[in-house]
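Chemist: Encoded as structure tokens, here's the structure I'll be asking about.
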Ligand SMILES: [Fe+2]
């Protein structure tokens, strides 16, 4: 696959992640704060898609190329999660479970690799830095706020620590 096509595939994945979060927002529409939280998650994914679009147009060089296997795996995962996210009686824990599946998939690591060589105006670079946050911190804080089960909170705390460690993020 040539590089612009690779960007296109991952733009679609980010869009897919965004629409999953919009499904969750609709499911919990009666709880304004919770519904808005999922919209914010959806907007983050839109920003990822936008940054990839910028890279595609700028001809950003991809140094760590995602494999066909990774792409197939993510395609399968998103299909599976879409079916779950539209279940009308989806429980809060199940919604967080979907978010955990998205955020702990390979998509975030691949995204980081795709934007690694980005160059451009300062606002683009600033956006790149802004996006380098721990994906699980926001989810864990929301989990506490909206009352998910202890087991979900424990998984999130564990994933949060692991991501800090892997990405060398300083708190
Ligand atoms: Fe994303």
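Chemist: Looking for something touching a helix residue (DSSP H, G or I) at 6+ places or on another chain (Cβ under 6 Å), closer than 21 Å to residue 34 by Cα, in contact (Cβ under 8 Å) with a residue 12 or more places away in the chain and not in a helix (DSSP H, G or I) - is there at least one such residue anywhere in region 147-154?
Modeler: yes
Chemist: Pick from region 116-146 the residues that are away from the ligand (no atom under 13 Å from the Cβ) and not in a helix (DSSP H, G or I): which of them is nearest to residue 40 (Cα to Cα)?
Modeler: It comes out as 134.
Chemist: Sticking with this structure for a sec: If we only count helices (runs of 4 or more DSSP H) wholly inside region 1-115, which ones have 1 or more residues that are within 12 Å of the ligand (Cβ to nearest atom) and within 17 Å of residue 131 (Cβ to Cβ)?
Modeler: 3-27, 32-58, 92-103, 107-115
Chemist: In the set 32, 92, which member is buried (at least 17 other Cβ atoms within 10 Å of the Cβ) and modelled with pLDDT of 95 or more?
Modeler: Exactly one of 32, 92 is buried (at least 17 other Cβ atoms within 10 Å of the Cβ) and modelled with pLDDT of 95 or more, namely 92.
Chemist: Now for a different question. Which condition number does residue 129 fail, the rest of (1) more than 16 Å from the chain's Cα centre (by Cα); (2) loosely packed, with under 13 Cβ neighbours inside 10 Å being met?
Modeler: (1)
The values are calculated or read from the model by the stated rules, or taken from the named source; none is laboratory data. Treat the numbers as computed from the prediction; the structure is a model and nothing was measured. Quick reminder, even Gly has a Cβ in these numbers, built from the backbone with ideal geometry, and neighbours come from all protein chains shown.
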